[in-house]
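The values are calculated or read from the model by the stated rules, or taken from the named source; none is laboratory data. These numbers come from a predicted model, not from an experiment. FYI the Cβ positions are ideal-geometry reconstructions off the backbone, even for glycines, and counts take in every protein chain you see. Heads up: the accessible areas ignore ligands, DNA and RNA and are worked out on the full protein's heavy atoms, side chains in. Shrake-Rupley method; radii C 1.70, N 1.55, O 1.52, S 1.80 Å.
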Amino acid sequence: MGLRNEYEVESHSTDPEKVPLPAYGGLTSDPEKGPTSAYVDEAPAVPGEVFVTGDTLYARMQRTVSKFGVEPRGIERVPENERTDTNLRKVGTMWLSANMVVSSFAIGALAIPVFSLGFVDSLLTIFFINCLGITPVAFFSTFGPRFGLRQMVLSRYFFGFYGVKIIACFNVLACVGWSAVNVIVGAQLINAVNTNVPGYAGIIIIAAATWLVTVFGYKVVHHYEAWSWIPSTIIFLIVLGEFAHSGQFSNLPMQVGTSEAGSILSFAASVFGFATGWTSYAADYTVYQPVNVSRVKTFAWTWGGLIIPLAFTEMLGLAVATATINNQDYANGYDQSGIGGLLAAVLFPPLGRFGQFCLIILALSIIANNCPNIYSLTFSLQLMTHYTQAVPRFIWTFIGTLVYCAIAIPGYSHFESVLENFMLLIGYWLAIYEGISLTEHFIFKKRVYDIAIWNSPALLPPGAAAVLAFCFGVFGAVMGMAQVWFIGPIGRRIGTPGYGGDVGFELAFAFSAIAMCVLRTFEKRHFGR
């Protein structure tokens, strides 16, 4: 029971064999075999139970789809004897593929037309902020093998059984919203190649392909991501070669003074938000790794799998965007069709039809980017209540796909910029999540976890301190943000008047972490857990 190698089990640990598991939903539980219901929301689960036993509709559906290779497990803990995925390379390629995509290229390109930065200062910002943003992702990836819990379920140890539902709501918004934004970008690339393909058709094509991968679950997602980075990398290398050959690169000088400081901070916020956005999914993709796998190697493969594509694609996007200053064709392409037009300006004149083919491949790279969004979305939905947990993961995958398509299709031509600005706005929650969870882990948990209580509301932290700290974090984000919709009072004091400088992520993290230190001290003293 529990793990004793890297995370020690607390002395008050509850042995599931000694604690009677209550009947749930009219079904009985066996203390030796675990619960016999199709789902359990209020009782500790015994490792080894796959939750597909019995003759309920849920169990019958799970057994049926399992015959076709669909992963039946939802938020239930993966027992040690099922953690047999020993290939750590797949952890690296998972993140390599998810970020070797046109969306990452677009983040780097923002530095020139949106933030009016120079080349060198943008390059340094991309590298160092990405290093900072991906570190929490790599850190929490090491929790998957140790706990066998998905990231949102693991978050019960930080936010409590009920408080984590708030976090799951934000994660659902992030998964659905970014999936919609990404699929719009992919559809625009397809439309740039062939205007006879309407936006909704491109959205449906990419979404259907994404669903086909994610519906099967963990193994198929990893298999797809193990190879999908290769064609994307080849195309980006072609973009690099053609752009270098064109001679259109401009080493734009950096600015000075308050305007430079504000622009750097705002661009850094965009880079950080994109890089650290995977934190809320991190452990989802290592839960089938053996319990004794090296934490250092897990961290290194995740970190390397993230930094290589993020730094490469964003720096490439930055370099290509410099041409929009002195070359009218590049400027017109970006103004008319965004990133699709910018890439078309690089590829179409020298390569013709082959350049169009390259753009289609980059459009399909969105599949690799959206797979983690849709796969992890299902766990946040199941975490909401025992009613949503009663719906199998593969069904939630289908429902999630329909929802983000319903957002993306009208958004393609009506409110794409509004949608993207909204997604940047809610991205601050990730800094709050990190501030609270890291504080709880290092200061209050002190790396000591009782794994048996992951599904026990009465034994997990109450969550009141975390929820209140989350509110303080929101206050910090509002004070420091500098977005299209709103500029906070602190953000307004940085940079150019009317634009400000974004320090929302920094203040969100600081406010939530400090509030958590104070509030959790009182909560733990009062409740003892």
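Numbers for the structure displayed
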item: Residue under evaluation residue 479, criteria (1) outside any loop (DSSP other than H, G, I, E, B); (2) of a type in the set (A, V, I, L, M, F, W, C); (3) open to solvent by 60 Å² or more (accessible area, probe 1.4 Å); (4) farther than 24 Å from residue 521 by Cα, criterion not met; result: (3)
item: Residue 158 buried (at least 21 other Cβ atoms within 10 Å of the Cβ) and within 19 Å of residue 276 (Cβ to Cβ); result: yes
item: Verdict on residue 247 being at positive phi and either open to solvent by 20 Å² or more (accessible area, probe 1.4 Å) or touching a strand residue (DSSP E or B) at 6+ places or on another chain (Cβ under 7 Å) (or both); result: yes
item: Hey, residue 216 open to solvent by less than 10 Å² (accessible area, probe 1.4 Å) and farther than 30 Å from residue 318 by Cα or not; result: no
item: Counted residues, segment 229-269 - those being within 22 Å of the chain's Cα centre (by Cα) and at pLDDT 95 or above; result: 4
item: Among residues of segment 404-423, those that are modelled with pLDDT under 85, open to solvent by 50 Å² or more (accessible area, probe 1.4 Å) and under 15 Å from residue 173 (Cβ atoms), counted; result: 3
item: In segment 122-137, the residues that are open to solvent by 10 Å² or more (accessible area, probe 1.4 Å) and touching a residue at least 24 places away in the same chain (Cβ under 8 Å); result: 123, 125, 127, 129, 131, 132, 135, 136
item: Only listed residue being open to solvent by 10 Å² or more (accessible area, probe 1.4 Å), touching a Gly at 6+ places or on another chain (Cβ under 8 Å) and in a loop (DSSP other than H, G, I, E, B), chosen from 489, 497, 462; result: 462
item: Residue 408 vs. criteria closer than 14 Å to residue 182 by Cα and touching a Gly at 6+ places or on another chain (Cβ under 7 Å); result: no
item: Any hit, segment 250-257, residues being open to solvent by 60 Å² or more (accessible area, probe 1.4 Å), outside any helix (DSSP H, G or I) and within 20 Å of residue 130 (Cβ to Cβ); result: yes
item: Every residue from segment 320-336 that is in contact (Cβ under 8 Å) with a residue 24 or more places away in the chain, open to solvent by 20 Å² or more (accessible area, probe 1.4 Å) and not aromatic (Phe, Trp, Tyr); result: 324, 325, 326, 327
item: 1 or more residues open to solvent by 10 Å² or more (accessible area, probe 1.4 Å) and more than 23 Å from residue 141 (Cα to Cα): qualifying helices (runs of 4 or more DSSP H) within segment 50-119; result: 57-66, 102-109
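To keep it simple, each residue is scored yes or no on (1) surrounded by fewer than 23 Cβ atoms within 10 Å (Cβ to Cβ); (2) part of a helix (DSSP H, G or I); (3) of a type in the set (A, V, I, L, M).
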| site | (1), (2), (3) |
| --- | --- |
| 187 | no, yes, yes |
| 191 | yes, yes, no |
| 202 | no, yes, no |
| 212 | yes, yes, yes |
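Listed here are the residues, each with its yes/no results for (1) open to solvent by 10 Å² or more (accessible area, probe 1.4 Å); (2) hydrophobic (A, V, I, L, M, F, W, C); (3) not in a helix (DSSP H, G or I).
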site	(1), (2), (3)
314	no, no, no
318	no, yes, no
346	no, yes, no
356	yes, no, no
